[in-house]
Amino acid sequence: MRPIFGSSLTKKLVMALAGLFLILFLLVHLSINLLILSDDPERYNRVAHFMASNPVIKVIEVVLMLSFLIHFIWGLVLQIQNWIARSFRYRTTHSSQTSFFSKYMIYTGVIILIFLILHFLNFFFVKLGLVEGDPENFYGMAYELFRNPMYTIIYLICFLILAFHLNHAFQSAFQTLGLNHPTYTPVIKGLGLLYSIVVPAGFSIIPIVICFFK
């Protein structure tokens, strides 16, 4: 019998839990990033310093990185398995019942991963001392980046793609965990839509304000 950790169901469950953790993290990350809009650099820099030096936060960062890796790797494995299964099952082109967002989740996921690598190079790796920069002045680094129109445009496009990814991922995660009910599902879909609009919009406001109004 195939080990349980190799089953598709287990992969989906682990992927869903990792995804929900990342969804929660985005809310925390947004609440901190909005401090960049303050005219007082020290407010954001103090919080950034606390996040970089607190031992509890460092443990959470490890969990966060593992969640990113698990979510992406399991998602990629499941997608490859689906492609292989389809190649054996179907010989003719037919219309699929899969939703638009579900079809392109792997592609939006890859784009988000590329953006995360870029984001780490500009901030997280600076904190680790792997990339040149001032880890005590993330406020100034953010302003320097967001005053670059090209970087701002890339940032906004990536968060638009993230919004599409989140819209499907939110409800898909709860469905995987078994919360699929005529009463609860519409509420979950509504919350997912609201989340996928508000959170990416919140992140997007920051570079727009810095690039065009400050």
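The values are calculated or read from the model by the stated rules, or taken from the named source; none is laboratory data. If you're wondering where the values come from, they're calculated on a predicted model, not measured in any experiment. So basically every Cβ, Gly included, is an ideal-geometry build from the backbone, and we count neighbours across all protein chains shown.
Restricting Leu121, Leu156 to residues that are in a helix (DSSP H, G or I) and modelled with pLDDT of 85 or more narrows the list to Leu156. Among residues of region 38-67 being surrounded by 14 or more Cβ atoms within 10 Å (Cβ to Cβ) and either of a type in the set (S, T, N, Q) or more than 19 Å from Lys127 (Cα to Cα) (or both), the one that is nearest to the chain's Cα centre (by Cα) is Ser67. Only one of the numbered conditions (1) modelled with pLDDT of 85 or more; (2) part of a helix (DSSP H, G or I) is violated by Asp39, and that is (2).
Take Val198 and tell me if it is out of contact with any strand residue (DSSP E or B) (no Cβ under 6 Å at 6 or more places or on another chain) and under 30 Å from Asp40 (Cβ atoms). In short, yes. Within the span defined as region 4-12, one or more residues are over 30 Å from Tyr143 (Cα atoms), part of a helix (DSSP H, G or I) and small (Gly, Ala, Ser). Might you let me know whether region 190-200 holds any residue that is aromatic (Phe, Trp, Tyr) and surrounded by fewer than 18 Cβ atoms within 10 Å (Cβ to Cβ)? Among the residues of region 190-200, not one is aromatic (Phe, Trp, Tyr) and surrounded by fewer than 18 Cβ atoms within 10 Å (Cβ to Cβ), which makes the answer no. Summed over region 126-142, residues that are buried (at least 16 other Cβ atoms within 10 Å of the Cβ) and assigned to a helix (DSSP H, G or I) total 6. For region 55-85, the set of residues classified as β-branched (Val, Ile, Thr) and modelled with pLDDT of 85 or more consists of Val56, Val59, Ile60, Val62, Val63, Ile70, Ile73, listed by residue number. Of all the numbered requirements in (1) closer than 19 Å to His168 by Cα; (2) at pLDDT 85 or above, Ile32 misses one, and that requirement is (1).
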